[in-house]
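Here's the structure, in structure tokens; my notes come after.
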Amino acid sequence: MKVVLLAGGFGSRITEESQFRPKPMVELGGYPILWHIMKEYSYYGFNDFVICAGYKQNMIKEWFRDYFLRQSDVTFDFTSGEEVVMTHRNRCEKWRVTVVDTGLDTMTGGRIGRIREYVGGEPFMMTYGDGVCDVDINDLLAFHRSHGKIATLTAVRLGQQKGVLDIGEDSSVRSFREKKLSDGALINAGYMVLEPRIFDYIDGDSCVFEQGPLSALAADGELMSYHHDGFWQCMDNVREKEILEQLIAAGRAPWMKWETAK
């Protein structure tokens with residue numbers, strides 16, 4: 001089963017980084033967040049990726065073009081008067097990566113529509129290229145197959161950002177406590193499974209997937225949610241990038257299951 005990754009946006013809320021590279025190529029622990037997401041799927045045996053690129057899409061292509069060499073020890077031999085390159089101890093994952101230029105200004109739904117020929121008539125997974133999660137991909141897929149609907153999204157609870165106040169009618173603060181996970185609302189975290197009928201809901205490059213298609217699927221009773229109570233974190237700004245970097249540095253990054261499996 002193929003995994004589709006949305007990686008074409010401008011990353012306007014993290015311009016400190018995205019002015020130089022596509023947001024999914026912003027590095028965490030020395031590797032792009034896109035690589036981290038791919039490693040999550042690869043951990044569960046999914047190694048065939050279709051990347052919906054757009055903004056600075058050449059940087060994504062160039063990164064994967066050079067990835068094999070970066071993950072290998074290399075001998076450059078010029079003694080014969082010609083260049084001979086030999087690789088040793090390759091540590092590259094057994095990935096198949098298709099990078100598709102889905103346009104500079106194309107919306108999320110339009111980007112998915114543009115890769116239809118690359119996924120064929122089969123179900124596929126899809127997520128955003130700017131968030132990591134420790135969801136069990138196999139459980140997610142089993143849940144999707146159990147209900148027979150067109151689409152499944154992973155729902156996580158978004159915690160409140162500030163302390164919680166209990167305020168009386170006279171405006172007095174009766175109590176104060178730090179936020180809890182239960183204070184937040186369930187949101188769409190990506191990590192979707194989609195049947196090929198999803199393309200019937202996508203109409204052109206201007207289609208915003210989170211508006212038209214998902215709303216229509218919900219109205220048709222074709223959208224299900226897989227509730228995930230574990231870790232999820234997007235990288236919309238520098239502060240969130242620092243949170244993820246700190247987890248990696250401390251050896252407490254929940255999504256990096258491939259490290260604990262060594």
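Tell me what the chain gives for mean residue ellipticity at 222 nm when only DSSP H runs of n ≥ 4 count, each as -39,500 (n - 2.57), the sum divided by the residue total, rounded to 500 deg cm²/dmol. All intermediate terms of the calculation are to be shown ahead of the outcome.
Numbers: 9 runs with 75 residues, N = 262.
Dividing the helical sum by the residues of the chain leaves -8000 deg cm²/dmol.
Any chance you could give the angle, 0 to 90 degrees and rounded to 10, that helix 238-249 forms with the longest Cα principal axis of the chain?
Relative to the chain, helix 238-249 is tipped by roughly 70 degrees.
Could you work out the relative contact order of the chain? I mean the mean sequence separation of Cα pairs under 8 Å and 6+ apart, divided by the number of residues, in percent.
Values: 468 pairs, mean separation 62.6, N = 262.
Dividing the mean separation by the residue count of the chain yields 24 percent.
Treating only the Cβ atoms of Lys and Arg (+1) and Asp and Glu (-1) as charged, compute the dipole magnitude of the chain about its Cα centre; round to the nearest 20 debye. Numbers along the way, then the final one.
Numbers: 30 positive and 38 negative charges, 81 e Å.
Value, rounded to 20: 380 debye.
Once phi is turned into θ = phi - 60°, what whole-Hz ³J(HN,Hα) does the Karplus curve with 6.51, -1.76 and 1.60 give for every residue of segment 124-140, x standing for Gly and Pro?
8, 9, 8, 8, 8, x, 9, x, 10, 7, 9, 4, 7, 4, 5, 5, 4
State whether segment 38-98 is rounded, prolate or oblate according to the following rule on the C-alpha gyration tensor (a ≥ b ≥ c being the square roots of its eigenvalues): a/c under 1.5 gives rounded; otherwise a/b larger than b/c gives prolate, and the remaining case gives oblate.
Details: a/c = 3.78, a/b = 1.66, b/c = 2.27.
Since a/c reaches 1.5 but b/c is at least a/b, the shape of segment 38-98 is classed as oblate.
Within the set of other residues whose C-beta is less than 15 Å from the C-beta of SER206, count the net charge using Lys and Arg as +1 and Asp and Glu as -1.
On the way: positive: ARG111, ARG114; negative: ASP105, ASP203, ASP205, GLU210.
Residues close to SER206 contribute a combined charge of -2.
Around VAL119, under 10 Å between beta carbons, what's the net of Lys plus Arg minus Asp minus Glu among the other residues? Don't skip to the answer; put the middle values down first.
On the way: positive: LYS2, ARG116; negative: ASP48, GLU117, GLU122.
The answer is -1.
If contacts are Cα pairs under 8 angstrom and at least 6 residues apart, what is the relative contact order of segment 1-118 in percent?
Details: 167 pairs, mean separation 34.3, N = 118.
With pairs under 8 Å counted, the relative contact order is 29 percent.
Please compute the alpha carbon radius of gyration of the chain, then divide it by the globular-protein estimate 2.2 N^0.38 Å. Two decimals is fine.
Numbers: Rg = 20.7 Å, N = 262, 2.2 N^0.38 = 18.3 Å.
Dividing the Cα Rg of the chain by 2.2 N^0.38 Å gives 1.14.
Bear in mind that the values in this text are calculations on the coordinates, not laboratory data. Note that the coordinates shown come from a computational prediction; the quantities given were computed from them, not determined experimentally. A quick note on method: Cβ atoms are made from the backbone with ideal geometry, for glycine too, and the neighbour counts reach across all protein chains shown.
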